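The values are calculated or read from the model by the stated rules, or taken from the named source; none is laboratory data. Everything numeric here is computed off the predicted structure, so don't read it as measured data. Virtual Cβ from ideal backbone geometry, glycine too; neighbours counted across all protein chains shown.
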Amino acid sequence: MIRPGKHLNLNVCVVRIAAVVLAHLQRYRVEGCTTLLKKVRQEAGVDAEVWFLPAIDFLFLLGRIDYHPQTDTFEYLAPTPKTSK
């Protein structure tokens with residue numbers, strides 16, 4: 001999944017799908033789940049659909065997206081700047 005292997009298809013791995021989702025959300029800020037899935041299919045093909053949810057989980061764990069269940073949308077969360085001491 002995240003660790004590269006000999007037979008890993010780089011076009012449909014978790015990191016690639018997460019990059020597609022993140023790029024789309026950076027542009028539109030808030031987007032519906034079905035719209036994001038359509039964008040992933042368009043960019044990486046139908047095989048990428050399997051990795052859509054793991055990519056969403058990956059971005060959520062990194063704190064880059066938030067999910068709003070009332071509207072079934074994902075929101076882009078900008079990274080917080082680090083302060084140096």
Any pair with Cβ under 9 angstrom, 6 or more apart, that starts in the stretch 11-28 at a residue that is farther than 8 Å from Ala55 by Cα and ends at one that is surrounded by fewer than 19 Cβ atoms within 10 Å (Cβ to Cβ) and among the β-branched types (Val, Ile, Thr): Val12/Val50; Cys13/Ile2; His24/Thr35; Tyr28/Thr35
Residues satisfying the stated conditions in the stretch 3-33, i.e. among the β-branched types (Val, Ile, Thr), part of a helix (DSSP H, G or I) and over 11 Å from Phe74 (Cβ atoms): Val14, Val15, Ile17, Val20
The lone exception for Gly45 - which of (1) surrounded by 18 or more Cβ atoms within 10 Å (Cβ to Cβ); (2) at positive phi it fails: (1)
Val40 being under 12 Å from Val12 (Cα atoms) and in contact (Cβ under 8 Å) with a residue 24 or more places away in the chain: no
Answer residue from the stretch 48-77, given it is charged (D, E, K, R) and in contact with a helix residue (DSSP H, G or I) (Cβ under 8 Å, 6 or more places away or on another chain) and is surrounded by the most Cβ atoms within 10 Å (Cβ to Cβ) among those: Arg64
Selection count where residues are in a loop (DSSP other than H, G, I, E, B), of a type outside the set (Lys, Arg) and closer than 20 Å to Val15 by Cα, scope the stretch 50-85: 4
Where Asp47 falls short, out of the listed (1) over 11 Å from the mean Cα position of the chain (by Cα); (2) part of a helix (DSSP H, G or I); (3) at pLDDT 95 or above: (3)
Selection status of Leu59, of a type in the set (A, V, I, L, M) and touching a residue at least 40 places away in the same chain (Cβ under 8 Å): yes
